[in-house]
Amino acid sequence: MRYRSTRSGRETDLLTAVMRGLADDGGLFVPVDLPHFDPGSIAGDTLAEIAAELLQPFFSGSPLESDLRAICDDALDFAVPLQRLRGAPDPLAVLELFHGPTAAFKDIGARFLAAVMERALPLPGDDDRPVTILVATSGDTGGAVAAAFHGRSRLRVGVLFPKGQVSARQQHQLTCWGGNVRSFEVAGSFDDCQAVAKAALMDPALSRRYRFSSANSINLGRLLPQVAYHAASSLWHWREAGTAAGHIVPTGNLGNGLACVWARAMGMPIREIVFAVNSNLTIPEYLSTGKWGPRPSVRTLASAMDVGDPSNMERLFDMLPDFAELRATVQAYPVDDDAIRAQIRQDDERFGQVWCPHTATGFRVYDQLAEAQRADRPWIVCATAHPAKFESITESVTGHSVPVPDSLQALLARPSEHISIRADIDALGVELDRWNAEFA
Ligand SMILES: *Cc1c(COP(=O)(O)O)cnc(C)c1O
């Protein structure tokens, strides 16, 4: 399989697309052709088995083609259950994507990317320097990336997080690793962290000393396994019920959303696709007006979806350049903070289930679908994070705590350590050199 940039159309191979993340021309990599499957031809049962079959065409011709099964087994080694919601009047299920090491669905993409990169190295002609991944984080991504890359050979991760702006539990997940992961607390905002990371990646002097890469959510290596979980859940439902379910997908940067669109385009039995967003209205406004209006993000309770300029929209525009066709393919509805709180409270009472604020947007959207869209029609809502990750919100809304999953508990019990730096590239450079010297 070849991959091309959404901008220049220039083509490259899988490993280059994954190691670069972003094309040189600023575009995003997309497969030259999306493969197509007959759902009945897929034999696998577990997520890892289905992923290995479905992603085979994406790896064909790559040096990692024969490693794909091992990559899937390595990365997708935790439960991703599709649970029927008892007590719902119409067929409704929740796809729990939060049983990974950091209790959020980003574990799936980050672990797959790490498993691919580890096996891809060394690239032909490489020297033996490790690859240093720099990740700026406002909370969740950094933890998932650190967990996914921890202990992997030839790879190091530098996490940059804004001082005083992540929750105590989030900070712990960013700083409890050691070894090939180092955490930098930056005196500044998330935007400052991002600016420092970007400046480092582009700095000629630092780039001579380090081989940098990134693990952004636009990386193909994170997107591909997300296609697999949408495919797997659609197949599990279809095999049991003989029908195609609609999928409701909480999304922000549109990684989760676009992956579902790809899964359906690849032939998976997905009836309708509905994006649930928070008060960042760029996508639903576009679908109702036809005008694309990216803007600064606004802060909401579903903070991991606070995106005003969703990057992956570029891939969706590339796939469906015709507005009428795009609008016939996906729907999107917004959910504000009051509705998020109300939904968490209501479903705790109704189903005895506490949702994280992101997942709550999905169930709100479900409840607001027209009666005819729900009656006897099966739906699957993606649950993107465990509620215990957002305990300050869920506890204040429901009045009770939720048990912390064992994997998260284990992280919270690890000692934590970080280095504080100024928000500038020289400060980061000094620390990277010091870190490097410790390995020498
Ligand atoms: C990142 C994230 C999302 C949104 O994912 P996108 O890829 O931006 O669509 C939703 N929920 C949680 C918990 C997340 O961490």
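A few notes on this one:
- With 20 Å bins from 0: P(r) over the chain, alpha-carbon pairs, percent: 26, 61, 13, 0
- Percent RCO, i.e. relative contact order, over the chain, from Cα pairs under 8 Å lying at least 6 residues apart: 18
- Largest GNM mean-square fluctuation among 372, 187, 265, using the chain with Cα springs under 10 Å: 372.
- Proximal charge balance of residue 115 [Cβ under 14 Å; K/R count +1, D/E count -1]: 0
- FRET efficiency, residue 322 to residue 33 (Cβ-Cβ, R0 22 Å, nearest 0.05): 0.75
- Taking the square roots of 5 times each eigenvalue of the Cα gyration tensor of the range 55-102, largest first, gives ellipsoid semi-axes of 33, 14, 6 Å.
- In the elastic network of the chain, a GNM with C-alpha springs shorter than 10 Å, the most mobile of 150, 230, 358 is 150.
- Near residue 192: Cβ cut-off under 10 Å, other residues only, Lys/Arg at +1 and Asp/Glu at -1. The net charge is 0.
- Gain in span if fully extended, residue 86 to residue 2, counting 0.36 nm per residue against the direct Cα distance: 25.8 nm
- Share of pairwise Cα separations in the range 310-404, more than 18 Å, in percent: 55
- Cut-off 9 Å between beta-carbons: net charge of the residues surrounding residue 304, Lys and Arg +1, Asp and Glu -1: -1
- Compared with the direct C-alpha span, the chain from residue 414 to residue 375 gains 9.3 nm at full extension, assuming 0.36 nm per residue.
- Amide N proximity, the range 168-201 versus residue 299 label position 7 Å along Cα-to-Cβ, cut-off under 15 Å: 168, 188-192
- Helix 337-351 and the long axis of the chain differ in direction by around 60°, with both axes built from C-alpha atoms.
- The range 1-43 and the range 47-90: distance between their alpha carbon centers, rounded to Å: 18
- Point-charge dipole on Cβ atoms (K/R +1, D/E -1) for the range 273-321, about Cα centre, debye to 20: 100
- Among 362, 293, 246, the residue with the largest mean-square fluctuation in a Gaussian network model of the chain, with springs joining Cα atoms closer than 10 Å, is 293.
- In Hz, Karplus ³J(HN,Hα) per residue of the range 34-41 (6.51, -1.76, 1.60; θ = phi - 60°; x = Gly, Pro): 6, x, 10, 10, 8, x, x, 8
- Taking the convex hull of Cα positions in the range 1-83, its mean projected area over all directions (nm²): 6.6
- Helix axis angle, 140-149 relative to the chain longest principal axis, alpha carbon, degrees: 60
- Distances between every pair of Cα atoms in the range 168-274, grouped in 10 Å steps from 0 to the bin holding the largest one, split as 12, 28, 26, 20, 12, 2 percent.
- When the charge dipole of the chain is built from unit charges on Cβ atoms (+1 for Lys and Arg, -1 for Asp and Glu) and taken about the Cα centre, the candidate among 120, 262, 70 whose Cα reaches farthest toward its positive end is 120.
- Rg to Rh, two decimals, where the range 240-352 supplies the alpha carbon set and Rh follows Kirkwood: 0.99
Only the coordinates and a few stated rules stand behind these numbers; no lab work does. Treat the numbers as computed from the prediction; the structure is a model and nothing was measured. Quick reminder, even Gly has a Cβ in these numbers, built from the backbone with ideal geometry, and neighbours come from all protein chains shown.
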